[in-house]
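To start, the structure itself, in structure tokens.
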Amino acid sequence: MINFIQFTLTRAGLAIITLLLVCFIVFSLMELVPGTCAERYLAFKNTQGSQITYEDIEKEKIRLGLDKPFLYRYGKWVSNIVFNGDFGDSCILRMNINELLSGRFMLSLTICLVALIFSYLIAIPVGIISATTKYASLDNTLKFISYLGIALPNFLVALCIMLFMTVYYGDTMTGLFSQEYENEPWSTSKLFDFLSRAWLPIFVLGWNATAFALQTVRALMLDENDKLYVMAARARGISGMSLLWRYPAKHSLGPVINSIGFDLNRIFSALPIVALILILTEAGALLIEALARSNDQQLAGAIIFLLTATIVFVNFITDIILAIIDPRIRKGVMGGG
Amino acid sequence: MEVSNQKKEAYYTATQMQLVRTRFFGNRSAMIAGSILLFMIICSLFADFLSPYDPTIKGRDKDYENGAPQIPMFWDENGFSARPFLHTLEKYRGADTNFRWVYKVDTEKRRYVYFFVEGWEYKVFDFNINLPGKVLDFKISGFTFNTHLFGVEEGGIHIFGTDKAGKDLFSRTLSAIYISLAVGTLGVFISFVLSLIIGGISGYYGGWIDSVLQMFTDAIRTVPPIPLFMCLAAFAPLEWSSELRFFFISCLLGLISWPTLARRVRTHLLSERSQEYILAAKLCGASSTHIIVRHLLPSFTSYIIVDLVISFPYMLLSETALSFIGLGLREPVNSLGVLLQNATKADVLLNYQWYFIPVFFLVVLILTFVYVGDGLRDAADPHKVK
């Protein structure tokens, strides 16, 4: 037990170090962008008609603390996030980022997680079938569908479904809520409204993720299936589904759990573009807005930080789960046993 | 008996590369995908010769904007012709069409397609690289040609139709494939070099250097790539020239996608480092460089090649995604992403479906790459005895 706690703590420590490193990379990137937040804000004010002098910029810089050295500001940014959960203000929108992101990030996370679960629910059984089937044509078809999931750009799938819905049902399916629910508080009817629309991004993201997960499962099953212990089990007279579930499928579960974090990473990565097409009002769309249109580095940094923190957290959890369920790793962790 | 013995001997004496080749050629789907891929690459290399019009705004057809594809035909009501031809189109606007321009087909007038015709001028072996800094500029003026595979005598031939400025989509698609492949190649090359250096150092030296580098690699791997791309691509000022932008985007692709490959190189080196033949070489007094270049690198060349082919489609997809949201390449450069960007308007979906032809090529390109990569991976796997 002591060993296990030690293992958990080491993992947690590693996760925090990774997160700090990522923070540093993101923060340095934000710094490299030409022009500071003060300059950009005052340039914006200038377009509104007020006269801006050099002193105003300096004053604004001091107000925002931009006159301090780089490392000091990095430390402040991180400690604000860690201790106060405060991401500061958006540079262009002049709003507190926490307020801006509060509901939206949860929406993004929900969409991604549901897509992830959906993809694994399909990929695991289908991957096992694909790897063990006697019919080459079935295997080839499944392989082709999953490759198509990689090759078809997400936005194209989204666009085609949107067009189909518009032509046959007269509803464009854009956005996450119908108009009457847009600003309402959460209720059962709003939830149903959300589900009736959210299936489209979930489906689009899920297909792509399924394709990747399917390949992982299939490759692992093929590898395990040839091994001697499976042959030994077969010689003992076990066959069919019970053989698959008890031996090779169980063994290939480990790497599959391990890949969850990276699959989530991939889904997050694809989200902004799908959000752009479907005009979703969540964090992915906000990220594109911040990067491509308004160049709002504060906001972009906060979103990327949250995404990465989620992935680091998921990786940490999967590591712990693996240590608990996989006897080989458990032995390594606990020593003996 | 004699034959089978010879076969066996051939199998056991074959080099690794020969085995890989035999296994790859025996894989039907990979071979089909490979031929299609090769065909597309060759087409893109000879894009200028194959395209009847200049893919930039210079080659636009003022009289045929948003025009539908024109497919050459061999027969119509007036009979059969061995030389393919097109019907003449006339621009027409009147009260009956709600004063919108429409094209009327005049089936009486045929326009014949000719081969090896003269058209717009293009250059071969022409390099004009203009990067910041005088040292990096160099210029080689190549040969000028103006022969094209096909063309018609009067009017235009647009087998994939035209876009809203009247640019020929066939010519644009070909040049876009070329540009996208070039961006991908450059990106793969950069990530290859980076991963060899970082993975190599990490795997060969091990110890604390390995731990630090691995931590760094893992940190990069956890950031979602497309948002990271977007973040970096947002640096590129709008006033940059299209060549500079092209170079910048390729570098970005390379700079972000190295971790996966670096990890593979490291794992391989770590396991190979403790093998007896390396120890033998060390005992003979061989230097680190000698061991890396002569022994370690050759031991995994085939894996590296496979990994490079597998990572190629992701490069293409990333480039497409970046250009699609407007942070990657922009007009006047043609790339598959730029062409896709035009295809996403609802108005295009309903009225001008031929804008989607480049999308089809993108999908085929990625599919073939995935199949070829898959075939290569199976072929390079020494544990597969088939």
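The values are calculated or read from the model by the stated rules, or taken from the named source; none is laboratory data. On a predicted model such as this, the values are computed, not experimentally measured, just so you know. Here the Cβ positions follow ideal geometry from the backbone for every residue, glycine too, while neighbour counts run over all protein chains shown. Note: areas computed on protein heavy atoms with side chains; ligands, DNA, RNA excluded. Shrake-Rupley method; radii C 1.70, N 1.55, O 1.52, S 1.80 Å.
With a requirement of 2 or more residues that are at pLDDT 80 or above, the helices (runs of 4 or more DSSP H) lying completely within the stretch B:1-62 that satisfy it span B:16-25, B:28-45, B:47-50.
Taken across the stretch B:198-219, residues that are under 21 Å from A:Ala270 (Cα atoms) and out of contact with any strand residue (DSSP E or B) (no Cβ under 6 Å at 6 or more places or on another chain) do occur, with at least one present.
Here B:Pro332 passes the criteria (1) away from chain A (no Cβ under 14 Å); (2) surrounded by fewer than 20 Cβ atoms within 10 Å (Cβ to Cβ); (3) at pLDDT 80 or above except the one numbered (3).
Does the stretch B:290-312 contain any residue that is polar (S, T, N, Q) and either touching a Lys or Arg at 6+ places or on another chain (Cβ under 9 Å) or in a loop (DSSP other than H, G, I, E, B) (or both)? Explain how you work it out, then say what you get.
Going through the stretch B:290-312, the residues polar (S, T, N, Q) turn out to be B:299, B:301-302, B:311.
Retained after the next criterion (residues that are either touching a Lys or Arg at 6+ places or on another chain (Cβ under 9 Å) or in a loop (DSSP other than H, G, I, E, B) (or both)): none.
Checked the stretch B:290-312: no residue is polar (S, T, N, Q) and either touching a Lys or Arg at 6+ places or on another chain (Cβ under 9 Å) or in a loop (DSSP other than H, G, I, E, B) (or both).
Please verify whether B:Ser257 is assigned to a helix (DSSP H, G or I), of a type in the set (Gly, Ala, Ser) and within 14 Å of chain A (Cβ to nearest Cβ), treating the condition exactly as stated. Considered against the rule, which asks whether it is assigned to a helix (DSSP H, G or I), of a type in the set (Gly, Ala, Ser) and within 14 Å of chain A (Cβ to nearest Cβ), B:Ser257 comes out as yes. Annotation note: Cβ proximity below 9 Å between a residue of the stretch B:204-228 that is facing another protein chain (nearest Cβ under 10 Å) and of a type in the set (Asp, Glu) and a residue that is part of a helix (DSSP H, G or I) and open to solvent by 50 Å² or more (accessible area, probe 1.4 Å) (sequence gap 6+ or interchain) occurs for B:Asp218/A:Leu14; B:Asp218/A:Leu21; B:Asp218/B:Arg263. In this structure, B:Arg377 does satisfy being farther than 23 Å from B:Ala47 by Cβ and either modelled with pLDDT of 85 or more or of a type in the set (Lys, Arg) (or both). Apart from one condition, B:Gly326 fits all of (1) surrounded by 16 or more Cβ atoms within 10 Å (Cβ to Cβ); (2) at negative phi; the exception is (2).
So which residues in the stretch B:62-100 are under 37 Å from the mean Cα position of the chain (by Cα) and exposed (fewer than 13 other Cβ atoms within 10 Å of the Cβ), if there are any at all? Across the stretch B:62-100, the qualifying residues are B:Lys62, B:Ile71, B:Phe74, B:Trp75, B:Ala82, B:Arg83.
Mind listing whichever residues of the stretch B:301-319 are farther than 20 Å from B:Leu244 by Cβ and at the interface with chain A (Cβ under 10 Å from one of its Cβ atoms)? Spell out the reasoning first.
In the first step, residues of the stretch B:301-319 are kept if they are farther than 20 Å from B:Leu244 by Cβ; the result is B:301-314, B:316-317.
Answer for the stretch B:301-319, where residues must be farther than 20 Å from B:Leu244 by Cβ and at the interface with chain A (Cβ under 10 Å from one of its Cβ atoms): B:Pro313, B:Tyr314, B:Leu316, B:Leu317.
Could you list, in sequence order, the residues of the stretch B:229-254 that are touching a Lys or Arg at 6+ places or on another chain (Cβ under 9 Å) and either away from every other protein chain (no Cβ under 12 Å) or at positive phi (or both)? Within the stretch B:229-254, B:Ser242, B:Arg245 meet the criteria. Consider the stretch A:8-18 and keep the residues that are open to solvent by less than 40 Å² (accessible area, probe 1.4 Å) and hydrophobic (A, V, I, L, M, F, W, C). The one that is nearest to the other protein chains (Cβ to nearest Cβ) is A:Ala15.
Within the stretch A:228-261, track down each residue that is in contact with a Phe, Trp or Tyr (Cβ under 7 Å, 6 or more places away or on another chain), in a helix (DSSP H, G or I) and open to solvent by less than 50 Å² (accessible area, probe 1.4 Å). If you could, list the steps in order and put the result at the bottom.
Just the residues of the stretch A:228-261 that are in contact with a Phe, Trp or Tyr (Cβ under 7 Å, 6 or more places away or on another chain), to begin with: A:229-230, A:233, A:247.
After this cut, where a residue has to be in a helix (DSSP H, G or I) as well, the list is A:229-230, A:233.
Listed by number, the residues that qualify are A:Val230, A:Ala233.
A search for C-beta distances below 9 Å between a residue of the stretch A:231-258 that is of a type in the set (D, E, K, R) and any residue that is surrounded by fewer than 16 Cβ atoms within 10 Å (Cβ to Cβ) and not in a helix (DSSP H, G or I), counting only pairs 6+ apart in sequence or on different chains, returns A:Arg246/A:Ile238.
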